[in-house]
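Enquirer: There's a structure below that I have some questions on.
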Amino acid sequence: MSEQPNDNQPFYMKPTEAERKNRIHRSIGWLAAHGLPVNGKRILAIRGRKSGEWRTQVVNPLRYKGERYLVAPRGHTQWVRNLRAAGEGELRLGPRTQRFTAVELDDTTKPALLRAYLKRWGMEVGDYFAEVNAKSPESELIRISERHPIFRITTVK
């Protein structure tokens, strides 16, 4: 199902051909792009770090203790690399756009956020977290924290 990292590469689960062709995934993106959120999904837009062109991806923003976060369930993806380079992006829902700045979190701050994310979207993204789930001990969440980048996002007015 996935491409596993070697010792020199960060964790990344590449979408399979079936996932790329999945009509449900494409439909969810279409709905969000047209202003109809499905379970809180948004379109993440970030400028490409090499091309400078806008790149988009459907994401599940996490609200936790009054803050908002973006969690990368597939690991160190292209959107993660672009967000690291840009430091800012947009969350879109139909014609509404929220600009934000992003700060990547240290691995030590991730376990509670990973648990909250898995509680909210574990049924959808659980396969990307191996055997770890929202009920796993903290030691397991710590063990996988380096695999899943998390960014705290702050809306720009």
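Bear in mind these aren't lab numbers, they're just calculated from the coordinates by the rules spelled out. Small disclaimer: the values here were computed from a predicted structure and weren't measured. In this analysis, Cβ positions are derived from the backbone assuming ideal geometry, glycine residues included, and neighbour counts consider all displayed protein chains.
Enquirer: Can you list residues from other chains, or at least 5 along the same chain, whose modelled amide H is less than 5 Å from the amide H of Arg55?
Expert: Ile46, Arg47, Gly48
Enquirer: Peptides 61-73, 79-91: what's the order by average Cβ count within 10 Å, highest mean first? Walk me through the numbers on the way to the answer.
Expert: On the way: 61-73: 16.5, 79-91: 18.6.
Highest-to-lowest ranking by the protection proxy: 79-91, 61-73.
Enquirer: Roughly how compact is the chain, stated as its Cα Rg over 2.2 N^0.38 Å to two decimals? Before the final figure, lay out each step's value.
Expert: Values: Rg = 15.1 Å, N = 157, 2.2 N^0.38 = 15.0 Å.
Its radius of gyration relative to the 2.2 N^0.38 Å reference: 1.01.
Enquirer: Just to be sure I follow the rule: in the chain, considering lysines 8 or more places apart or on different chains, how many pairs have Cα atoms under 26 Å apart?
Expert: Number of lysine pairs found: 18.
Enquirer: ³J(HN,Hα) across region 94-103 via Karplus (A = 6.51, B = -1.76, C = 1.60, θ = phi - 60°), whole Hz, x for Gly/Pro?
Expert: With coefficients 6.51, -1.76 and 1.60, one gets x, x, 7, 10, 10, 6, 8, 9, 9, 10 Hz.
Enquirer: For a quick check: sort Thr109, Thr77, Thr101 by the number of other beta carbons within 10 angstrom, fewest at the front.
Expert: On the way: Thr109 11, Thr77 19, Thr101 14.
Least crowded to most crowded, the residues run Thr109, Thr101, Thr77.
Enquirer: Would you mind pulling out the separation of the Cα centroids of region 95-130 and region 28-63, in Å?
Expert: Using only Cα atoms to place each centre, the spacing works out to 14 Å.
Enquirer: Under the Karplus relation 6.51 cos²θ - 1.76 cosθ + 1.60, θ = phi - 60°, what is the ordered set of whole-Hz ³J(HN,Hα) values for region 41-52, x standing for Gly and Pro?
Expert: 5, 9, 9, 8, 10, 9, 6, x, 6, 9, 7, x
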